[in-house]
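Accompanying notes for the structure given below.
We did not get these values from a lab; they are worked out from the coordinates using the rules stated. What you are looking at is a predicted structure, and each value in this text was computed from that prediction instead of being measured. In this analysis, Cβ positions are derived from the backbone assuming ideal geometry, glycine residues included, and neighbour counts consider all displayed protein chains.
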Amino acid sequence: MKLQAVVTDKPVDNVHLYDSLLDYFPWIKNWRINVSSGLTYVLGELFNDIEEILGKAPDIKFLRIVEEPYSDEMFMRELYVFIEPDVRNAANSAALAFAISKAKQNSKQLCFKCGCRLKHFREIDEQQVEMFLEKFSSSESHSQFMHFCVSCMTKEYGAFDEKDSENY
Ligand SMILES: [Zn+2]
């Protein structure tokens, strides 16, 4: 059962993400935001940017945001943002593209499940990471995983030793 919880592709706690963002950005109502709650903050920043670009109650024809798993990361999801404003022009298109790419970059820093900042594998005890992956990863190629959520790993596995940042 624990394994399924780790490998599922569905957004985690999507209702929570949607509800908390809807309070601040009522215009997202009726659009699909299939994203896990760990990325709530990233989407909040993106929606702020969209309001700066298109106005406080932006007129949009279409909005859909989804996340996809990375084959080589366990705690990271890639954001895909599809948005069509009612009035599109070169300037607002460029500004939206920039805001979307910033959100994608930011999403790579955070665990999609809990929103904690991801750690590079060099920041954590290698042996403990190996033992965790053997137990919880379904991937054959789990040695490629580079980024880890110590908070989620601790929930599944027990305490982890983090290295001093001076040591790497
Ligand atoms: Zn996490």
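Of all the criteria given as (1) within 13 Å of the ligand (Cβ to nearest atom); (2) part of a loop (DSSP other than H, G, I, E, B), the one not satisfied by E156 is (2).
For the range 75-94, a residue qualifies if it is under 20 Å from W27 (Cβ atoms), surrounded by fewer than 13 Cβ atoms within 10 Å (Cβ to Cβ) and aliphatic (A, V, I, L, M), and exactly one does: V87. Of the strands (runs of 3 or more DSSP E) lying entirely inside the range 5-91, those containing at least 2 residues that are farther than 25 Å from L118 by Cβ span 60-69, 77-85.
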